[in-house]
Amino acid sequence: MTVGETGASPVLEIAALERAFGQNRVLKNVDLAVSPGEVLVLMGANGAGKSTLVKIIAGVLAPGAGRMTLAGRPYRPARPIDAVAAGLSVVHQQINDAVAPDLSVAQNLLLDRLCSGRTGAFYSPRRARREAEAIQAILGLSLPLDRAVSEIPLADRQLVAICRALAEDPKVLVLDEPTSSLSQREAERLFGIVEMLKARGVAILYITHRMSDIRRLADRIVTLRDGRITGEFRPPLDYEGAVTAMLGAPIQRGGETIRSGTRPVLSVEDIRLTSWSRPFSFTLDAGEVTAITGLVGTGKSRLAEVVFGLAPAAKGRMRLMGEPYGPHDCGAAIEAGVFLAAKDRATSSIVPGFDIARNLSLPFLSHRSRAGFVDRAGERQRARRTIADLSIVCQGEADDMATLSGGNQQKVVVGRWLAEPCKLLILDEPFQGVDIKARGDIARRLRETAGDRATLVLVTEIDEALEVADRILVMSDHTIVGDHRTGPGFDLSRLLAEVAGEIDVDPLPSPDRLESAAG
C-alpha cells in the first residue's frame, strides 16, 4: 500500500474497492491511501466515480467488495455518524448535503453532536450558542448563529459545512470541491486551515478540478477514470500528466476564433447595483460571448438578478433590442427572450425526482403543450438531441436527474436554456463543479450556438473566462472596472490587477465606509 509523503503509515487505507449499480461497475479495484499530514488530491472527470467513492468513505453507501482501514482498524461505516465517530469527516460538494438549511447556523455547527446524543438529554440554546461560538472560532468566523442556514449566502453555507466538519477533530478530512463557492479571501482562509491541519497530522483527501488549489496544496495527486485509478503523481508534480491521466488524452487547446458582435442586444446604461456603488454601462452584442469575471461578492450575481427581473437596480435603465427593458419578474424576462441559468443548481435549477427530459422542459411547458397536454414525444426527442450535443453521460433521457454526476447535471441545466431561441442568455457560474472535459463541452456548445443571441457568462475563475469568451468585463465592488478583447493585444496582467482591486476606480462611498472613515 502506498505511503504518503510524510513517511508515516497511512491513516486511511482502501484496498480493492468495488461498487456497482446494476450492471454498471462504478468503482473497479480501487486502491488508495492517505497518510497523516498529507494533502492527497483526487482528480477525476465527471462520472469517474469520485462521488461514489466519497459516499462509501462517508458511510452513505456500502462497498460491493474490498476493505478499508482507519487508524489501523477495520473501517466500514454503516451510517455517516459512524464515520464521524471513527474520526473521518466529509464536506460534500453539494452544500445542501452538508448542512440542514432549515436549522440555525449554531444548530448546524453542533449537528453531529446533537445526532449522537453527546449534548445530553436536554437542549440548551445558551450552551449550544457558546459551543457554536467556540467551533466557528476555529476558522476565525463571525457568522450569524441564530439565522437559518437557508437565509445566509452560499459561500457562508460552505464555511458552515467546513467548520462543522472540523468541530469533530477528525483524523481524516475529505473535502469535495471545497472552494467552489468561496471568494479568494475565503479560499485563502481555507488554505490556511488546511495547512494548519497538515501540521497537526490530519490526513486530507482533497477533491478538486481547480489547478490553483492543486498547485497551492497538493503533496500527491491520484487520478481516477472510469472507476479505476489511472495515475499517481509525486513531487515534482506533473500537472499536465495528471490531467492527461484523468481524461485519457491530452487537452486540445486553442483554435478558437475571436468574434465581434453583429448588432446590439442589451444596453445597460448608468446602472447602479446598490445605492453606494459606482454607475456603469455596457452593451452586449449578438454573436459574441462576453464573460464577466471578478471575485465572489463583487456583484456578478446581483447584475444577473437585475437583468432577469429578480431584483431592482438602485438606478439606471436598460434597453433590449433598442426598446426600454425592465422586467418585473423572471416570467416577464423569459417572455422577452432573456434566459438565466442560475448558479446554485441544487436549489435553483433542477428537480432531482424528475427525469432529464422533464428537467429540460420545465421553463417552457406552456410553449410545448396543447389543451393542457405536454407533447411527450417532442420532449423526449429534444432531450435526446441535447444529450448528444453536450455529451451528457447517462443511459437515456428517462434517467432521473439524481442519478447523474454533478457535471452532467450542470450540462442539463445549460442544455435546458440552449434548447429554445432567445435574445440574451445569461449563465451564472456554468462551470461550477465540472471537470475540465465537461467545461470544454459546455464552452464549445455555447460558442457554436452564439450566432443569433448575446451570451453573458459570469465566472470567478479567469481561465474559465478565457476558454469561452470573446470579450471579458471585470467587476469589482459592484461596478465594471475593465473591458478586454481576448484576441491579439489582450493584457492579462491588467485584468489580474483589476480583479484584485489594484486599479482605483474611485467608487462612491457607502454609508458603512463613511462611518468607518469618520471613526
Ordered by residue, what ³J(HN,Hα) values in Hz, to whole numbers, does region 31-37 give under the Karplus form 6.51 cos²θ - 1.76 cosθ + 1.60, where θ = phi - 60° and Gly and Pro are x? 10, 7, 8, 10, 9, x, x
Charged-residue dipole, Cβ positions (Lys, Arg, Asp, Glu), the chain about Cα centre, Debye nearest 20: 1160 debye
For T274, other-chain or 5+-apart residues with amide H closer than 5 Å (H placed, Pro excluded) are A314
Give me, ordered by chain and number, the residues 5 or more places off A341 or on other chains with an amide H under 5 Å from its own placed amide H. I426, L427, D428
Pull up all non-local amide H partners of R453: gap of 5 or more, or a different chain, and H-to-H distance under 5 Å with H placed in the peptide plane. G287
Divide by every residue of the chain the summed helix terms, -39500 (n - 2.57) for each DSSP H run of at least 4, and state the resulting mean residue ellipticity at 222 nm, rounded to the nearest 500 deg cm²/dmol. -9500 deg cm²/dmol
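Coordinate-derived values only; no laboratory data. In this text the structure is predicted, and so the values were computed from the model without any measurement. Counting neighbours? That spans all protein chains shown, and the Cβs are built from the backbone with ideal geometry, glycine included.
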